[in-house]
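Structure first, commentary second.
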Amino acid sequence: MSNVFFALRTFLRLALPYFRSEDRWRARGLLVGVIASELFVVFVAVKVTEWNAAFFNGLEARNWDAVQFQLMVFLLITLGAILSGMGQYWFGQTLIIRWREWMTNRYVDMWMAEGRHYRIRFVDQSVDNIHLRIANDVLMFIRLTHELGTGFLNSIVSLLSFAFVLWGLSALAPLPLFGVDFSFPGYLIVLAIAYAALGTLIAHTIGKPLIPLQFRQQRYESDFRFAIARVTDHAESVALMAGEKVERHELKHRYAALVRNWVALVRRQNGLNGFIFGYFHVSTVFPILVVTPAYLIGAIQLGALMQASLAFQRVEAAFAFCVTSYAKIAEWKALMDRVAQFETAMDTVDAPGPQGADIRIASEAGPGLSVANLIVRAAGGEPIASVGSLALAPGERLLVRGSSGSGKSSLCRALAGIWPVGEGQIRLPQNARLLALPQRPYFPLGTLRQALTYPTPASDVDAADVRRALAAAGLGHLAGRLDEEAEWNTLLSGGEQQRVGFARALIHRPDVLLLDEAVSTLEDAEMRDLYALVSDRLPRTMVISIGRGHALVALHQRIVDMTGGSAASRSPRGAALAAVPA
């Protein structure tokens with residue numbers, strides 16, 4: 001029972017925010033429409049059972065006038081069925097669209113902010129394939145919530161409505177067996193519920209393992225899709241190194257895990273289906289057999305027999321809702337857990353660590369940048385790099401160098417505010433703009449103009465500024481292609497891509513510019529030209545460069561060496577930062 005309450009709390013935590021959001025009145029209106037449509041559907045079903053009683057009584061009496069009248073009534077019921085079905089679909093699908101739009105926007109805003117999409121991997125590695133949870137799991141969760149919710153509502157209303165019908169028929173139809181009347185008030189309701197309860201118990205016993213199987217299936221499907229997408233994104237590297245054999249092995253390995261779980265899921269589902277098919281096949285005959293003795297002794301008419309049969313089936317089906325929906329409930333529970341796990345992970349990312357065990361970034365009144373007692377740690381807690389004290393004034397250029405694995409890039413990420421594991425303090429000027437240029441610049445989908453202005457929308461940047469930055473960075477030959485949409489990360493050479501990064505710096509004019517191997521593909525002369533460009537155009541920008549080339553030394557006023565063990569050796573001392581005169 002505790003699991004049921006926990007699942008209910010989880011569901012309410014995921015579902016209620018939309019109905020309390022800025023879109024709450026539309027959401028509540030659509031929900032009312034969904035509920036009203038379901039009630040109308042049940043009302044039409046009740047009228048159908050009443051019509052069956054009158055129609056078959058007319059047939060039994062060979063009364064053509066009564067039959068003709070009931071055919072006219074049936075046309076009106078059919079019109080009601082059409083309207084209820086249309087309303088049921090429109091309100092339901094519109095609610096799904098609006099609800100998904102709100103949840104997707106909320107989760108994208110939550111995920112793609114303050115580096116959470118990057119920092120989550122250090123905090124909770126069990127939350128895999130977040131992009132697919134947002135794109136796929138949210139949709140399926142909402143769809144199944146709507147389907148199961150409306151089905152449950154329909155079952156409750158049907159149970160109450162048709163139980164009333166059965167109660168009246170129970171008083172009319174005796175249950176003569178072996179010369180004894182075994183009927184009692186409401187016996188048809190009791191038989192229907194007992195039959196459904198037995199079916200539910202058996203279905204639960206057979207189908208309980210479906211919940212963990214469905215959870216794992218969602219994970220394996222996401223893992224396989226992610227692996228295919230990743231190979232596609234790195235197609236050039238795979239082709240250049242002829243790595244298809246390794247990639248094929250990994251894809252087949254992931255798909256094999258998917259298939260193994262899928263087979264187990266199918267076996268369990270097949271067993272449940274076998275029971276359900278047999279259960280409902282018997283359900284079509286069982287109610288007729290229960291009422292047939294009363295019909296044979298003339299206690300009831302044919303119409304009452306048909307009405308009792310239909311009402312019995314509706315009550316039994318309503319009570320057996322879990323039997324018919326067990327597989328969907330298992331899938332819904334698995335999807336809900338994946339979405340809830342994502343929300344919890346987002347809260348965990350922002351949760352402060354123990355006192356003194358997180359990297360704090362603060363603003364100060366002065367114009368410079370300072371670092372105090374900074375220790376950058378790996379995800380497991382091992383120190384990677386440490387900085388006792390560092391201060392940088394506007395316009396200063398600092399080169400951080402060291403052997404591979406000495407913590408240079410990790411220090412850069414910590415300064416950028418995206419490395420969550422560690423301790424110490426980083427102070428930046430108030431409202432400081434910080435721009436980081438990695439070795440391989442990221443190119444968003446869209447035009448070259450958007451790539452140049454990233455991370456600012458292209459519409460917010462003056463076109464003249466874009467063209468001047470493009471020409472200054474040595475990319476003037478691309479001026480005519482600014483509004484062309486293409487895969488620029490494959491069309492541009494490595495050097496051109498790094499020049500795009502410097503054009504971004506000229507456009508954004510940051511207070512702090514982090515260059516992580518940002519000129520590694522350029523010749524020494526090109527490198528000097530770009531640094532001179534930054535010095536000339538951005539005279540007050542503090543530049544922190546990560547690199548190992550000797551040509552970089554002359555381009556910086558201060559140099560520090562990262563010393564100590566490599567990241568692989570995980571030296572307990574971390575890496576010390578020692579100043580070296582330029």
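In this simple spin-label approximation, Asp483 and Ala391 carry label points 7 Å from Cα along the Cα→Cβ vector, and these lie 5.1 nm apart.
For Ile82 and Ala432, the FRET efficiency from 1/(1 + (r/R0)^6), where r spans their Cβ atoms and R0 equals 60 Å, is about 0.40.
In sequence order, the range 527-540 has phi-based couplings of 4, 4, 5, 5, 5, 5, 4, 5, 4, 6, 7, 10, x, 9 Hz under the Karplus curve 6.51 cos²θ - 1.76 cosθ + 1.60, θ = phi - 60°, and Gly or Pro positions carry x. Rolling a 1.4 Å probe over the protein heavy atoms gives the chain an accessible area of 51 Å² per residue. Along the Cα→Cβ direction, 7 angstrom out, place labels at Asp462 and Val32. What is the inter-label distance in nm? Distance between the two pseudo-spin positions: 5.2 nm.
Its Cα centre serving as origin, the chain has a Cβ charge dipole (Lys and Arg +1, Asp and Glu -1) of approximately 800 debye.
Computed in the context of the full set of protein chains, the accessible area of the range 1-98 at 1.4 Å probe radius has 71% of its extent on carbon or sulfur.
Couplings 3J(HN,Hα) for the range 30-36, derived from phi with the Karplus relation 6.51 cos²θ - 1.76 cosθ + 1.60 (θ = phi - 60°), are 5, 5, 4, x, 4, 5, 4 Hz, where x marks Gly and Pro. Here the range 138-239 exposes an accessible surface that is 72 percent carbon and sulfur, computed with a 1.4 Å probe and the other protein chains kept in place. Shape descriptor for the chain: Rg over Rh equals 1.16 (Cα atoms; Rh from the Kirkwood inverse mean 1/r). Each residue of the range 39-49 was assigned a 3J(HN,Hα) from its phi angle through the Karplus curve 6.51 cos²θ - 1.76 cosθ + 1.60 (θ = phi - 60°); the sequence is 5, 5, 4, 5, 4, 5, 5, 4, 5, 5, 5 Hz, with glycine and proline shown as x. Taking every alpha-carbon pair within the range 1-123, the share separated by more than 18 Å comes to 70 percent. Between Leu522 and any residue 5 or more places off or on another chain, the built amide H atoms are never under 5 Å apart.
Across the chain, C-alpha contacts under 8 Å between residues 6 or more apart give a mean separation that, scaled by the residue count, equals a relative contact order of 15 percent.
Classification of the range 196-274 by its C-alpha gyration tensor yields a prolate form. The axis ratio a/c (a ≥ b ≥ c) is 1.5 or more, and a/b outweighs b/c.
Rounded, prolate or oblate for the range 432-481? Axes are the square roots of the Cα gyration tensor eigenvalues, ordered a ≥ b ≥ c, and the cut-off for rounded is a/c under 1.5. Rounded, because the longest to shortest axis ratio a/c is under 1.5. Scanning the chain for trypsin sites (Lys or Arg not before Pro) in DSSP loops with at most 12 neighbouring Cβ atoms within 10 Å leaves 63-539 as the longest stretch between them.
For the range 209-342, place one equal point scatterer on every Cα, skip the solvent, and apply the Debye formula. What is log10 of I(q)/I(0) at q = 0.09, 0.10, 0.12 Å⁻¹? Debye intensities relative to I(0), on a log10 scale: -0.51, -0.57, -0.69. Projected label points at Ile202 and Ile361, each 7 Å from Cα along the beta carbon direction, are separated by 6.2 nanometres.
A Förster radius of 56 Å combined with the Cβ-Cβ distance from Glu60 to Leu491 puts the calculated FRET efficiency at roughly 0.10.
Amide H contacts under 5 Å for Ile384: Val376, Arg377, Ala378, restricted to partners 5 or more places along the chain or on a different chain, H placed in the peptide plane at 1.01 Å from N. Between amide H atoms placed 1.01 Å from N, distances below 5 Å from Ser406 occur with Ala567, all of them 5 or more places distant or on a separate chain. Surface composition of the range 414-485: carbon plus sulfur atoms hold 48% of the accessible area, using a 1.4 angstrom probe and ignoring ligands, DNA and RNA.
The values are calculated or read from the model by the stated rules, or taken from the named source; none is laboratory data. Note that the structure is a prediction, hence the values are computed from the model and not measured. Please note: Cβ atoms are built from the backbone with ideal geometry, for glycine as well, and neighbour counts cover all protein chains shown. For accessibility, only protein heavy atoms count, side chains too; no ligands or nucleic acids. Shrake-Rupley method; radii C 1.70, N 1.55, O 1.52, S 1.80 Å.
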